[in-house]
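Colleague: The structure under discussion is supplied below as structure tokens; questions concerning it will follow.
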Amino acid sequence: MTSEPSAIAFDPHDRRFVDEGVPFDLLARIRAEQPVYRTPSGAWYLSRHADVEAALVDVDTFRAELGPITGIPAGCASIPADQHFLSEIPEPRHGRIRRLFNAIFAWHRVRVLEPILEAECNRLLDGLFAKGGGDLHGEYALSIPAFAMAHIMGLEREAVELFMQWSSDGTMMTRPATPGVPAEGPASHVYFRARIAEQRALPEPTNHVFKVLLEAEIEGRPLSDAELATQLHFMVQAGVHTTRSFLAHLMNRLVQDPDLHARLDGDRSLIAAYLEESLRHDSPVQRTTRIATRDVEIGGVLIRKGETVEMGIGSGNRDDAQHSAPAEFRLDREDPRAHLAFGAGSHVCPGAMLARLEGATAVRVLLGRARRLERVAGAIYPPLPGSLGHQPIPVRLVPR
Ligand code: HEM
């Protein structure tokens, strides 16, 4: 006699996952038993790689919606258009503005950052070595993406501190329309409006990001200051917090898995595989939200127009229909980039190469300086796999 499967209770927004780790066993059950899963709040959750990928690509049927995560449950429909983040703008306007992002984060522009990132990683490690160790999250992983973004935008070091602060205190998850935010917008908007005014006052913008954005003409007119502040805010929102999480996962695993450290130390060419397997196995963006623009059927389940559909990126990346032994962390996957960590389709992450460069540099510089990474006795470490939070990663560094 077989017993009835118990009802599955999974809330993709559960804040506990951030500190306690993602319940991947439960997601495996959902993929097997209810791959198009109805969450307790009534949203749909796509759990299989193939469904997530197809829905991400089908932007006409599934429109991106970040309203709820910025404290606006009624979503884009209730938010003034000049506050729509790049990913929320419908085609064809999305594609036109997206080209500006592509120009800013093109590989030939990003790759020249390598020695600058290397110097910054070394500077941060000097501070850690001076005291024999420290926190690889707060004193390393957190700063590198903020530094990279501030540098790309040609901003003073003060911006690094601000980006770190806004990524940690929730500022980046708001916009002027968020209830409780002052009319002039969150601190990031006030800050970016001042930088826009400075650059406008010059005969020509001195920084490439501002030059591309200020000189653009989209559908016959330049972007307004409100649109520019929105997109600059979004660059930090999309590029700093995510990459911080990625670097934290890389550091956490290196500290907790001495064999892995030894393998990478013995063969630095494995770093690229390490980055991809971390992105797949411990995806920094576990899900992203869409609204169905029409009735649509997936796997025999009817999703109605207007319903919320969560794209289970982290779950799709653990789908055994796509990856063999998906729960294992392996450096020898045949197609290490066949994951959805950066999304898919026309909204695929434009910062992926920058994120990879930051990850590779942070790992390589650390390996080059530390012969061993030792756990601190009695310290509590973020869970492996898949912690997304801000927990410290204490370490004792043994120099070469
Ligand atoms: C490991 C780090 C990162 C991860 C895991 C990541 C992940 C993602 C994902 C999953 C999407 C698609 C979202 C969706 O379709 O709803 C996305 C989009 C985006 N990402 Fe990243 N990202 C990372 C780093 C960056 C960086 C460094 C930047 C630099 C600015 C960036 C900027 C963006 C932007 C602007 C979009 C929206 C693109 C569009 O809608 O056309 N990301 N990212």
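Colleague: With the condition kept exactly as written, say whether any residue in region 6-20 is charged (D, E, K, R), buried (at least 19 other Cβ atoms within 10 Å of the Cβ) and part of a loop (DSSP other than H, G, I, E, B).
Modeller: Initial filter on region 6-20 (charged (D, E, K, R)): 11, 14-16, 19-20.
From what's left, buried (at least 19 other Cβ atoms within 10 Å of the Cβ): none.
No, region 6-20 contains no residue that is charged (D, E, K, R), buried (at least 19 other Cβ atoms within 10 Å of the Cβ) and part of a loop (DSSP other than H, G, I, E, B).
Colleague: I'd like the full set of residues that are part of a loop (DSSP other than H, G, I, E, B) and either hydroxyl-bearing (Ser, Thr, Tyr) or closer than 15 Å to Gly351 by Cα (or both), limited to region 109-159. Full working, then the answer.
Modeller: Residues of region 109-159 that are part of a loop (DSSP other than H, G, I, E, B), as a first pass: 131-132, 136, 142, 153-157.
Of everything in region 109-159, just one residue is part of a loop (DSSP other than H, G, I, E, B) and either hydroxyl-bearing (Ser, Thr, Tyr) or closer than 15 Å to Gly351 by Cα (or both), namely Met153.
Colleague: Look through region 1-38, keep the residues that are modelled with pLDDT under 95 and polar (S, T, N, Q), and return whichever of them is nearest to Ser283 (Cα to Cα).
Modeller: Among residues in region 1-38 that are modelled with pLDDT under 95 and polar (S, T, N, Q), the one nearest to Ser283 (Cα to Cα) is Ser6.
Colleague: Also, I was wondering about something else. Residues to consider are Glu358, Glu374; find the one that is within 16 Å of the ligand (Cβ to nearest atom), modelled with pLDDT of 95 or more and within 26 Å of Arg123 (Cα to Cα).
Modeller: Values: Glu374 fails: within 16 Å of the ligand (Cβ to nearest atom).
Just a single option satisfies the conditions, and that option is Glu358.
Here's the yes/no breakdown for (1) within 17 Å of Glu217 (Cα to Cα); (2) part of a loop (DSSP other than H, G, I, E, B):
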position: Asp60; (1), (2): no, yes
position: Leu66; (1), (2): no, yes
position: Ala74; (1), (2): no, yes
position: Asp82; (1), (2): yes, no
position: Glu91; (1), (2): yes, yes
position: His94; (1), (2): yes, no
position: Arg99; (1), (2): yes, no
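Colleague: Any idea how many residues of region 351-383 are in a loop (DSSP other than H, G, I, E, B) and either free of Cβ contacts under 8 Å to residues at least 60 places away in the same chain or surrounded by fewer than 16 Cβ atoms within 10 Å (Cβ to Cβ) (or both)? Before you say what the answer is, go through the steps one by one.
Modeller: Filtering region 351-383 for residues in a loop (DSSP other than H, G, I, E, B) gives 351, 375-383.
Those left that are additionally either free of Cβ contacts under 8 Å to residues at least 60 places away in the same chain or surrounded by fewer than 16 Cβ atoms within 10 Å (Cβ to Cβ) (or both): 375, 377-380.
Matching residues across region 351-383 total 5.
Colleague: Give the number of residues within region 213-223 that are of a type in the set (Val, Ile, Thr) and more than 28 Å from the chain's Cα centre (by Cα). First the steps, then the outcome.
Modeller: First pass over region 213-223, keeping only residues of a type in the set (Val, Ile, Thr): 218.
From what is left, the residues that are more than 28 Å from the chain's Cα centre (by Cα) are none.
Selection size over region 213-223: 0.
Colleague: What's the number of the only condition in (1) touching a residue at least 40 places away in the same chain (Cβ under 8 Å); (2) away from the ligand (no atom under 16 Å from the Cβ) that Ala344 fails to meet?
Modeller: (2) is the only condition that Ala344 fails.
Colleague: Could you check region 235-290 and list, in sequence order, the residues that are hydroxyl-bearing (Ser, Thr, Tyr) and in contact (Cβ under 8 Å) with a residue 40 or more places away in the chain? Give the steps one after another, and end with the answer.
Modeller: So in region 235-290, the residues hydroxyl-bearing (Ser, Thr, Tyr) come out as 242-243, 245, 269, 274, 278, 283, 288-289.
Matches in region 235-290: Thr242, Thr243, Ser245, Tyr274, Ser278, Ser283, Thr288, Thr289.
Colleague: Ok, one more. Out of the residues in region 118-172 that are within 16 Å of the ligand (Cβ to nearest atom) and β-branched (Val, Ile, Thr), which is farthest from Val398 (Cα to Cα)?
Modeller: My answer is Ile152.
Colleague: Quick check on this structure: which one of Gly368, Gly316, Gly345, Gly359 is touching a Leu at 6+ places or on another chain (Cβ under 6 Å) and under 24 Å from Glu118 (Cα atoms)? So that I can check it myself, show each step before the final result.
Modeller: Details: Gly368 fails: touching a Leu at 6+ places or on another chain (Cβ under 6 Å); Gly316 fails: under 24 Å from Glu118 (Cα atoms); Gly345 fails: under 24 Å from Glu118 (Cα atoms).
That would be Gly359, the only listed residue that is touching a Leu at 6+ places or on another chain (Cβ under 6 Å) and under 24 Å from Glu118 (Cα atoms).
Colleague: Which one of the conditions (1) surrounded by fewer than 15 Cβ atoms within 10 Å (Cβ to Cβ); (2) of a type outside the set (Lys, Arg); (3) at negative phi does Gly42 fail to meet, given that it meets all the rest?
Modeller: That leaves (3) as the condition not met.
Colleague: Can you tell me which residue is nearest to the chain's Cα centre (by Cα) among those in region 313-339 that are assigned to a helix (DSSP H, G or I) and of a type outside the set (Val, Ile, Thr)? Full working, then the answer.
Modeller: Initially, region 313-339 is screened for residues assigned to a helix (DSSP H, G or I), giving 313-316.
If we keep only those that are of a type outside the set (Val, Ile, Thr) too, we end up with 314-316.
On the way: Gly314: 12, Ser315: 16, Gly316: 16 Å.
Ranking the qualifying residues of region 313-339, first place goes to Gly314.
Colleague: Does region 198-212 include one or more residues that are part of a loop (DSSP other than H, G, I, E, B), polar (S, T, N, Q) and over 18 Å from the mean Cα position of the chain (by Cα)? Working first, answer last.
Modeller: Of the residues in region 198-212, the ones part of a loop (DSSP other than H, G, I, E, B) are 201-207.
Right, trim to polar (S, T, N, Q) and you get 206-207.
From what is left, the residues that are over 18 Å from the mean Cα position of the chain (by Cα) are 206-207.
Checked region 198-212: at least one residue is part of a loop (DSSP other than H, G, I, E, B), polar (S, T, N, Q) and over 18 Å from the mean Cα position of the chain (by Cα).
Colleague: Residues in region 73-83: is at least one under 19 Å from Val309 (Cβ atoms), within 11 Å of the ligand (Cβ to nearest atom) and aliphatic (A, V, I, L, M)?
Modeller: No, that holds for no residue.
Colleague: Looking at (1) in contact (Cβ under 8 Å) with a residue 12 or more places away in the chain; (2) within 14 Å of the ligand (Cβ to nearest atom); (3) more than 20 Å from Arg221 (Cβ to Cβ), which is the only condition Ala106 fails?
Modeller: For Ala106, the exception is condition (1).
Colleague: What's the number of the only condition in (1) touching a helix residue (DSSP H, G or I) at 6+ places or on another chain (Cβ under 7 Å); (2) surrounded by fewer than 18 Cβ atoms within 10 Å (Cβ to Cβ) that Arg123 fails to meet?
Modeller: With respect to (1) touching a helix residue (DSSP H, G or I) at 6+ places or on another chain (Cβ under 7 Å); (2) surrounded by fewer than 18 Cβ atoms within 10 Å (Cβ to Cβ), Arg123 is out only on (1).
Colleague: Of all residues in region 302-312, which are in contact (Cβ under 8 Å) with a residue 12 or more places away in the chain, surrounded by fewer than 19 Cβ atoms within 10 Å (Cβ to Cβ) and not in a loop (DSSP other than H, G, I, E, B)? Break it down stepwise before answering.
Modeller: Within region 302-312, the first condition is being in contact (Cβ under 8 Å) with a residue 12 or more places away in the chain, and the residues that meet it are 303-312.
So of that shortlist, the ones also surrounded by fewer than 19 Cβ atoms within 10 Å (Cβ to Cβ) come out as 304-308.
Residue satisfying the conditions is Thr308 alone.
Colleague: Identify, please: which residue in region 22-72 is acidic (Asp, Glu) and touching a residue at least 24 places away in the same chain (Cβ under 8 Å) and is, among those, nearest to the ligand (Cβ to nearest atom)? Reasoning before the result, please.
Modeller: Taking region 22-72 first, the residues acidic (Asp, Glu) are 25, 33, 51, 53, 58, 60, 65.
Narrowing the set further to residues that are touching a residue at least 24 places away in the same chain (Cβ under 8 Å) leaves 33, 51, 53, 58, 60, 65.
On the way: Glu33: 25, Asp51: 14, Glu53: 11, Asp58: 12, Asp60: 14, Glu65: 9 Å.
Step by step, filter region 22-72, then rank; the result is Glu65.
Colleague: Let me ask you something else. Looking at Leu56, Leu26, which one is part of a helix (DSSP H, G or I), touching a Phe, Trp or Tyr at 6+ places or on another chain (Cβ under 9 Å), of a type outside the set (Asp, Glu) and loosely packed, with under 15 Cβ neighbours inside 10 Å?
Modeller: On inspection, the qualifying residue turns out to be Leu26.
The values are calculated or read from the model by the stated rules, or taken from the named source; none is laboratory data. On a predicted model such as this, the values are computed, not experimentally measured, just so you know. Note: ideal-geometry Cβ built from the backbone for every residue, glycine included; neighbour counts use all protein chains shown.
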